[in-house]
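Below: the structure, in C-alpha cells.
The values are calculated or read from the model by the stated rules, or taken from the named source; none is laboratory data. Worth saying up front: this structure is predicted, and the values here are computed from it rather than measured. Every residue, glycine as well, gets a Cβ built from its backbone with ideal geometry; the counts of neighbours run over all protein chains shown. Areas reflect the complete protein model, heavy atoms only, side chains present, ligands, DNA and RNA absent. Shrake-Rupley method; radii C 1.70, N 1.55, O 1.52, S 1.80 Å.
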Amino acid sequence: MSFARNIAAEALGTAMLLAVVVGSGIMGQRLAAGNDAIALLGNTIATGAGLVVLIHMFAPLSGAHFNPVVTLTFLLRGDTAPRLALFYVAAQFNGAVIGVWAAHVMFGEPLWQISTKLRDGWGQGLAEAIATFGLIGTILTTQRSRPEFTPTAVGLYITAAYWFTASTSFANPAVTLARSLTDSFAGIALPSVPLFIASQIAGAVVALLVFGWLILEEPPHV
C-alpha cells in the first residue's frame, strides 16, 4: 500500500473515531434528560463498539493506530519507521479535529467551540496514566498471543476503562486535544489537556517497559 494511502487511512480512521466519541456524547446528553450516568453509558457503548469495527476496517490499511502513543510504542519497538510515525501522528491530530467538527455539523452544533469542562487534579492524571498503561498492555499482549482478537480486546478494554477510571479513559493525545474543541458531553477544557497528555505518554512508556519485559521470549536453555 502506498505511503499516501497509509496516511489517509490513519487520518480517516481517527476522524471516524472522534465522530463516534463526540457524536454519541451529544446524543446521549440530549436523550438522558440530565442523567449523566445514562449519557455516559450511551457514550461508552458507542465508543467501544465503534473501536472494534474501526480497527477491523483500518488495520489492514494503516495498522489502525488512531493514537500518537500507540504510534510512539511501535516506533520505540522498531515496528514503525520514524518518517511514517511522524506523518501518522500529524494525521491523527488532524483527523481527530475533523471528526469533532463532523459531529458538530451532524447535530446542528456550532462548528467552532472551546470546551469549558475542567478535568483537573492528580487523580485525573493518574487515571489517564493507568488507562493508557492498560491500553498499550492490551495491544502488546494480544498481538503476540491472539492478533485476530486485538480489535475486540481494545474495544472491550476501553469500554471497561470508561467506567473504572476517574477520567473516563481518554488514553490518546489526539483525542484529548480534539475534545478540547467541543463544549459537549465529551469535552475537556484546554487547561486540563497538558496533564492528560503527559500522563498518557508516561503510561505508554511504562507499559512498553513492563509488558515488553513480561512477554520477552527467553532463548531456550541448552
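General remarks:
- Order by protection proxy (mean Cβ within 10 Å, highest first), peptides 44-55, 128-139: 128-139, 44-55
- Accessible surface of the stretch 139-222 [probe 1.4 Å, protein heavy atoms]: carbon and sulfur percent: 71
- Zone residues, the stretch 187-219, relative to Ser145, backbone N less than 12 Å from point 7 Å out along Cα-to-Cβ: 215
- Estimated distance in nm for a label pair at Leu190 and Met57, the labels positioned 7 Å out from Cα along Cα-to-Cβ: 3.0
- Sites Leu209 and Trp163, calculated FRET efficiency, Cβ-Cβ separation with R0 25 Å, nearest 0.05: 0.40
- Residue list for the stretch 79-96, given a label point 7 angstrom along the Cα-to-Cβ vector of Arg5 and an amide N cut-off under 18 Å: 84, 88
- Summed residue charge, Cβ within 13 Å of Ala103's Cβ, Lys/Arg positive, Asp/Glu negative: 0
- Gaussian network model of the chain, Cα within-10 Å springs - most flexible of Leu84, Leu181, Leu156: Leu84
- Probe 1.4 Å, protein heavy atoms only - accessible area per residue of the stretch 31-101 in square angstrom: 46
- Helix 193-214 axis, angle to the chain major axis (alpha carbon atoms, nearest 10°): 30
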